[in-house]
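K.L.:
Quick one: the structure is below, and I'll ask about it shortly.
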There are 2 protein chains.
Amino acid sequence: MKVTVLQDIMSANDKIADKNKDLLDKNNVLAINVMSSPGAGKTSLILETIKRLKEKVRISVIEADIASTMDADKIIKEGVAAIQINTGGQCHTDANMFSAALEKLPLADIDLLFLENVGNLVCPAEFRIGTQKNIMLLSIPEGDDKPFKYPLMFSTVDAVVISKMDYLPVSDFNLGQFERVIKGMNQSVRIFCISVKNGDGVADWIKWLETQLKEC
Amino acid sequence: MKVTVLQDIMSANDKIADKNKDLLDKNNVLAINVMSSPGAGKTSLILETIKRLKEKVRISVIEADIASTMDADKIIKEGVAAIQINTGGQCHTDANMFSAALEKLPLADIDLLFLENVGNLVCPAEFRIGTQKNIMLLSIPEGDDKPFKYPLMFSTVDAVVISKMDYLPVSDFNLGQFERVIKGMNQSVRIFCISVKNGDGVADWIKWLETQLKEC
């Protein structure tokens, strides 16, 4: 009985995700679902991307949090339109919440749309929402054993951003081994090593985004 | 319909949690549910606690992960019995999983039992499992804004361990403000500031555990 209900929910979710993707494609919007643990630097990466691209790319952001509008407030300060979704306790964004947010956005005037998901390495990976690209951040202080513990997330994303690289010298994170492990789980994954604090690696990330925008 | 099913699940969970707590009380076992984001240092804190207490306290550990037995292997190396629960994709431990693990443990021979929950600041806070104490770790690199984003966890735990304090000098974490915020959300919460790496603050944590053991 419980299984049937869950299957129904997932199947309904996927149908809405497909509709979301059609809507984004029709409007030539590249949407990126940004996932990570709490505090890995999703908002910082999005803010830095806005600073570097806002003169040539029309960007908008949907912020999903259990509670608060802190992140949306930071985005709006950069002069970029942001919508806050409060999930009301739910640990992920589902296709229906994303659809409701898309309805409020002027999609014809947007090139690049970020959905900053709830900080969680588990549940967001289970829900397709209709974004063309799904990426995750893993910050150096979290440690290099995380792919073994959260395999679904690491094996299904299009890109892994290793964030807070400035912490590497004071940590025991084994970067070479970490990259080999995630490449083993996900052969087509792109890996970026970034410190928003000192700017290292951000240019590669921006270049990748620009390539994706051209292909969209 | 969906709401009814969820209510049934939560009510069934709470009944099993009550049974688990009775069983622990009857056997004079103090059980502590340890929660945090991925990579905040749950395993390191448990390992350090084992090193400092294992000569005088009989400790056991239940490790919950989506996948892998890495953490249980580390605990067993310290000569302490550990059971691994693989939640098979589920983002938290529920009372039923905890009950199944308790059945496998020689409770009469245990004083202190840690349940290391799945790394997640959302869902584990929603499921009572029957432990007498529930604690969370928040590591300095995660940032001081987390109580606003994950209010249920911060407002319901008995103690918050601020971990990886050795990162404080290279971070912009506002410790005073963070402590005021969580005290505002949760007046009876105990706060510990700990670095397992350099040992700072570990003695206070051990002292608190010993007091809880006496009261158990």
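The values are calculated or read from the model by the stated rules, or taken from the named source; none is laboratory data. No experiment lies behind these values; they were computed from the predicted model shown. Note that we place each Cβ from the backbone using ideal geometry, even for glycine, and neighbour counts take in every protein chain shown.
K.L.:
Of all residues in the range A:64-81, which are more than 15 Å from the chain's Cα centre (by Cα) and either in contact (Cβ under 8 Å) with a residue 40 or more places away in the chain or assigned to a strand (DSSP E or B) (or both)?
P.N.:
Correct list: A:I66, A:A81.
K.L.:
I've got another one for you. Check the range B:101-108 and report whether any residue there is farther than 28 Å from B:K207 by Cβ, out of contact with any strand residue (DSSP E or B) (no Cβ under 7 Å at 6 or more places or on another chain), more than 14 Å from every other protein chain (Cβ to nearest Cβ) and surrounded by fewer than 24 Cβ atoms within 10 Å (Cβ to Cβ).
P.N.:
Scanning the range B:101-108 turns up at least one residue that is farther than 28 Å from B:K207 by Cβ, out of contact with any strand residue (DSSP E or B) (no Cβ under 7 Å at 6 or more places or on another chain), more than 14 Å from every other protein chain (Cβ to nearest Cβ) and surrounded by fewer than 24 Cβ atoms within 10 Å (Cβ to Cβ).
K.L.:
Here is a follow-up. If you scan the range B:168-194, which residues turn out to be over 19 Å from the mean Cα position of the chain (by Cα) and β-branched (V, I, T)?
P.N.:
B:V170, B:V181
K.L.:
A:F98 passes all but one of (1) in contact with a strand residue (DSSP E or B) (Cβ under 7 Å, 6 or more places away or on another chain); (2) without any contact (Cβ under 8 Å) to a residue 60 or more places away in the chain; which number fails?
P.N.:
The failed condition is (2).
K.L.:
Oh, and also: Go through the range A:68-100 and give me each residue that's in contact with a helix residue (DSSP H, G or I) (Cβ under 8 Å, 6 or more places away or on another chain), among the acidic types (D, E) and surrounded by fewer than 18 Cβ atoms within 10 Å (Cβ to Cβ).
P.N.:
A:E78
K.L.:
Please go through the range A:149-163 and pick out each residue that is within 13 Å of another protein chain (Cβ to nearest Cβ), β-branched (V, I, T) and buried (at least 22 other Cβ atoms within 10 Å of the Cβ).
P.N.:
A:I162
K.L.:
Let me ask something additional. Please verify whether B:S60 is crowded, with 19+ Cβ neighbours inside 10 Å, touching a Gly at 6+ places or on another chain (Cβ under 9 Å), among the polar types (S, T, N, Q) and closer than 21 Å to B:V161 by Cβ, treating the condition exactly as stated. I'd like the intermediate steps shown before the answer.
P.N.:
On the way: crowded, with 19+ Cβ neighbours inside 10 Å: yes; touching a Gly at 6+ places or on another chain (Cβ under 9 Å): no; among the polar types (S, T, N, Q): yes; closer than 21 Å to B:V161 by Cβ: yes.
Spelling it out, it is not the case that B:S60 is crowded, with 19+ Cβ neighbours inside 10 Å, touching a Gly at 6+ places or on another chain (Cβ under 9 Å), among the polar types (S, T, N, Q) and closer than 21 Å to B:V161 by Cβ.
K.L.:
Please give the number of the condition B:D166 fails out of (1) away from chain A (no Cβ under 11 Å); (2) more than 29 Å from A:G88 (Cα to Cα); (3) not in a loop (DSSP other than H, G, I, E, B).
P.N.:
(1)
K.L.:
Take the residues in the range B:109-124 that are within 11 Å of another protein chain (Cβ to nearest Cβ) and either assigned to a loop (DSSP other than H, G, I, E, B) or touching a Ser or Thr at 6+ places or on another chain (Cβ under 6 Å) (or both); name whichever of them is surrounded by the fewest Cβ atoms within 10 Å (Cβ to Cβ).
P.N.:
B:V118
K.L.:
Assess whether B:V57 counts as being in contact with a Lys or Arg (Cβ under 6 Å, 6 or more places away or on another chain), under 24 Å from B:G199 (Cα atoms) and in contact (Cβ under 8 Å) with a residue 60 or more places away in the chain.
P.N.:
Details: in contact with a Lys or Arg (Cβ under 6 Å, 6 or more places away or on another chain): no; under 24 Å from B:G199 (Cα atoms): yes; in contact (Cβ under 8 Å) with a residue 60 or more places away in the chain: yes.
So B:V57 fails the test.
K.L.:
Follow-up. Return only the number of the condition from (1) in a strand (DSSP E or B); (2) under 17 Å from A:S99 (Cβ atoms) that A:V34 does not satisfy.
P.N.:
Result: A:V34 passes all but (2).
K.L.:
Going by the structure shown, is B:T87 of a type in the set (S, T, Y), away from every other protein chain (no Cβ under 14 Å) and either in contact with a strand residue (DSSP E or B) (Cβ under 7 Å, 6 or more places away or on another chain) or without any contact (Cβ under 8 Å) to a residue 24 or more places away in the chain (or both)?
P.N.:
The answer is no for B:T87.
K.L.:
Check whether at least one residue in the range B:187-202 is facing another protein chain (nearest Cβ under 10 Å) and closer than 29 Å to A:T43 by Cβ, and report yes or no.
P.N.:
Yes: one or more hits.
Each row is one residue, and each column tells you yes or no for (1) closer than 26 Å to A:L121 by Cβ; (2) surrounded by 19 or more Cβ atoms within 10 Å (Cβ to Cβ); (3) polar (S, T, N, Q); (4) modelled with pLDDT under 95.
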{"residue": "B:D14", "(1), (2), (3), (4)": "no, no, no, yes"}
{"residue": "B:N20", "(1), (2), (3), (4)": "no, yes, yes, no"}
{"residue": "B:L23", "(1), (2), (3), (4)": "no, no, no, no"}
{"residue": "B:N27", "(1), (2), (3), (4)": "no, no, yes, no"}
{"residue": "B:L45", "(1), (2), (3), (4)": "yes, yes, no, no"}
{"residue": "B:L53", "(1), (2), (3), (4)": "no, no, no, no"}
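K.L.:
Another question about this same structure. Scan the range A:137-148 residue by residue and report those that are within 8 Å of another protein chain (Cβ to nearest Cβ) and part of a strand (DSSP E or B).
P.N.:
Once the filter is applied, which keeps residues that are within 8 Å of another protein chain (Cβ to nearest Cβ) and part of a strand (DSSP E or B), the range A:137-148 yields only A:S139.
K.L.:
In addition: Listed residues A:V189, A:V181; which is β-branched (V, I, T) and either out of contact with any strand residue (DSSP E or B) (no Cβ under 9 Å at 6 or more places or on another chain) or farther than 18 Å from A:S36 by Cα (or both)?
P.N.:
Values: A:V189 fails: either out of contact with any strand residue (DSSP E or B) (no Cβ under 9 Å at 6 or more places or on another chain) or farther than 18 Å from A:S36 by Cα (or both).
A:V181 is the lone residue from the list that is β-branched (V, I, T) and either out of contact with any strand residue (DSSP E or B) (no Cβ under 9 Å at 6 or more places or on another chain) or farther than 18 Å from A:S36 by Cα (or both).
K.L.:
Quick test for you: out of A:V57, A:V61, pick the one residue that is modelled with pLDDT of 95 or more, closer than 27 Å to A:K207 by Cβ, assigned to a loop (DSSP other than H, G, I, E, B) and more than 14 Å from chain B (Cβ to nearest Cβ).
P.N.:
A:V57
K.L.:
Restricting attention to the range B:125-136, report how many residues are part of a loop (DSSP other than H, G, I, E, B) and either out of contact with any strand residue (DSSP E or B) (no Cβ under 7 Å at 6 or more places or on another chain) or crowded, with 23+ Cβ neighbours inside 10 Å (or both).
P.N.:
Qualifying residue count, the range B:125-136: 5.
K.L.:
Out of the residues in the range B:169-178 meeting the condition of being in a loop (DSSP other than H, G, I, E, B) and at pLDDT below 95, tell me which one is farthest from B:R52 (Cα to Cα).
P.N.:
That would be B:D172.
K.L.:
More than 11 Å from chain B (Cβ to nearest Cβ), assigned to a strand (DSSP E or B) and either touching a Phe, Trp or Tyr at 6+ places or on another chain (Cβ under 8 Å) or of a type in the set (K, R) (or both): does that describe A:V181?
P.N.:
When the stated conditions are applied, A:V181 does not pass them.
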